[in-house]
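Trainee: My structure is below; once you've seen it, I'll send some questions.
Computed from the coordinates by the stated procedures, all read-outs in this text should not be read as laboratory data. Note that the structure is a prediction, hence the values are computed from the model and not measured. Because the Cβ atoms are built from the backbone with ideal geometry, glycine has one as well, and the counts that use them run over all protein chains shown.
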Ligand code: FES
């Protein structure tokens, strides 16, 4: 088991090094927090957060990736209400913003669960049984990649390599690497995470 940050490659790319080619599916059925008033305006604290982020940039189309990274850092995901307002502020159509956001695997559109699970489906993990591990995680959590469970306990993502191929199949749970995973180990991991914090 290794802590995130000691593996050879990062899961989430930093500024200017977004990882392309494996966007999580856009799932619109997960519960989201209330960020807008009924008239469509962002709630004050949310608007302030977005305004602070926008102040760092020049509202240029070229800054979209950095803006999305900052928004995700701030909210933990890319809230649709915030993206709608971002579109107005930087005068870039929403579909273009979604086009960029869905292209990069680091972005997610669902409010993250209390436990964030990332399953590596890269080649090295795949040939060692990552699909079976993912099926077990899906069974255990009741969600598919890109979704957050209704009780907000779990969110699930897939990634194409977390830089720990020798340990494959790898599941990263809340930043901790779990290597040589099997469906049985995955089941135990979900159980342990569920029980964490219970009285
Ligand atoms: S392919 Fe899974 S860690 Fe590299």
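Trainee: Quick check: from the Cα gyration tensor, does region 44-103 come out rounded (a/c under 1.5), prolate or oblate?
Mentor: It comes out rounded by the Cα gyration axes.
Trainee: Still on this structure, please answer the following. For residue 194 and residue 131, what is the calculated FRET efficiency with R₀ set at 25 Å and r taken between the beta-carbons, to the nearest 0.05?
Mentor: Calculated transfer efficiency: 0.65.
Trainee: Something else: I need to check one value: relative contact order of region 106-152, counting alpha carbon pairs closer than 8 Å and at least 6 residues apart, in percent.
Mentor: 52 percent.
Trainee: With labels modelled as points extended 7 Å from the Cα through the Cβ direction, what inter-label distance (nm, one decimal) is found for residue 160 paired with residue 66?
Mentor: 2.5
Trainee: What percent do you get for the relative contact order of region 44-103 when only Cα pairs under 8 Å and 6+ apart count?
Mentor: Computed value for region 44-103: 34 percent relative contact order.
Trainee: How do 184-190, 67-73 rank on mean C-beta neighbours within 10 Å, highest first?
Mentor: 67-73, 184-190
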